[in-house]
Amino acid sequence: MRLISIKTLTEGMIIGRTIWNEAGHPLLQENVEVTGRIIERLIDLNVPYVYIQDAISRNIESLDTVPIEVRKRAVTEITQTFKAIQGAKKGEASFFIDQQSKALYSIIDDLLSNILSNEDVLTIIGDVFMYDNYIYQHSFQVSTYAIAVAKEMNYSVEEIRQIALGALLHDVGKMLVPQDILLKPGRLSEEEFSEIRKHTTAGFDVLRNVHSISLLIAHCAFQHHERLDGSGYPRGLIDFEIHPYAKIIAVADVFDAVTSNRVYKMKMLPSQAIAILEAGKGSLYDAKVVQAFSQIIAHYPNGTTVVLSNGSRGIISKQNMHMPTRPWVRIFEEDGELLNATYELDLLHNNELVIDKVELDFN
């Protein structure tokens, strides 16, 4: 299958991956032939990219690290928990999370069993999930990224469980922010942004009163917007003052924020998001965390069309573990001419070549 821009999607193409709604029901099934109405519907849903099946990408698989069923169960539980405390008083919110802590840890254990045993680079395909409220999917994805990073950094299983729960609940304070501000589709005013920033303190106040979880979980919510140089919030902490768990969640949070499609901004590709993290490495974000993140995430997901430094075009066909910048590429064009037969090129063993650009508009 191949990932293409919605602008390139035309009638007659075949959908490569099912697109799901927030409730876990299929909105558009794989193997369906694209019609004009389907294109209009995807544009209305603000879908930027879709997977299609075609001859040059045959047998290229693009699978989520976490199975869809596990993801659906997790997001359903997160949604129920967060909605239950929406607008509640802090004491009531703390009590409810206390009651839900066993179910939340069950989610974490499901994720751990999938990610800790996985030896491939991490791929989270947000494009195949549509949602009404970004925060529920975001909480799931940040937790998933945080687990993989903590694993790469050799944290113990119990430490990873705590980091994962901190990530799952890092934005819980947003449920106490006025919903008209939280869900505003346009740019926030300074006053509105000030209200949003209160979610870190609100989350801390809720979680520090939950008896069944560690106080470290509360600090994950409190500190995930702090930055090494003191430019973050709410307290302007600097490097050594920020807990290591919060440093991991900060990187995962930023990556997911910029790679998720929102009404008011187009999502970035993973390689672009990694470049943002690299630019802030050591000044905004912990260098060891960024390095670990860069090692475990697919910079160029399978099915992505790329142009190499020698001008050849190809599709990412396979990943190389611990070298996600050097994947396998199925070459289908050289010197501007389509090849009669494609061939596989391993960039790990062709150091003279680099990926110059991603080209999802290619047709």
Practice prompt. Compare the peptides 214-226, 245-257, 152-164 by average per-residue count of other Cβ atoms within 10 angstrom and give them in order, highest first.
Written response: 245-257, 214-226, 152-164
Worksheet item: Using Cα pairs under 8 angstrom and six or more residues apart, how large is the relative contact order of segment 252-363, in percent?
Response: 19
Worksheet item: For segment 266-313, what does the alpha-carbon gyration tensor say about shape, rounded, prolate or oblate, given a ≥ b ≥ c as the root eigenvalues, a/c under 1.5 as rounded, and a/b over b/c as prolate?
Response: prolate
Worksheet item: How far, in nm, would the chain grow between SER117 and GLU11 when pulled straight, counting 0.36 nm per residue and subtracting the alpha carbon separation?
Response: 34.1 nm
Fill in: Whole-number accessible area per residue in Å² for the chain, which is evaluated in the context of all protein chains at 1.4 Å
44
Response to the item:
Between the alpha carbon centres of segment 1-40 and segment 303-363 the gap in Å comes to 24
Worksheet entry | Mean Cβ count within 10 Å, highest first, over the residues of peptides 98-106, 31-39, 195-203 | 195-203, 98-106, 31-39
Practice prompt. Any chance you could give the angle, 0 to 90 degrees and rounded to 10, that helix 157-168 forms with the longest Cα principal axis of the chain?
Written response: 90
Practice prompt. Report relative contact order for the chain in percent, whole number only (criteria: Cα-Cα under 8 Å, sequence separation at least 6).
Written response: 16
Item to complete: Take each of the peptides 170-177, 204-211, average the number of other beta-carbon atoms within 10 Å over its residues, and list them starting from the highest.
Response: 170-177, 204-211
Worksheet item: Cα-based count: Lys pairs in segment 31-160 below 20 Å, eight or more positions apart or different chains?
Response: 4
Worksheet entry | Rounded, prolate or oblate (a/c below 1.5 giving rounded, otherwise prolate when a/b exceeds b/c) for segment 200-332 by Cα gyration tensor | prolate
Fill in: Accessible carbon and sulfur surface of the chain relative to its total accessible area, %, 1.4 Å
51
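The values are calculated or read from the model by the stated rules, or taken from the named source; none is laboratory data. Remember, predicted model here, so these are calculated numbers, not experimental data. Cβ sites come from the backbone with ideal geometry, for glycine too, and all protein chains shown count toward neighbours. All accessible areas refer to the heavy atoms of the entire protein, side chains included, with ligands and DNA or RNA removed. Shrake-Rupley method; radii C 1.70, N 1.55, O 1.52, S 1.80 Å.
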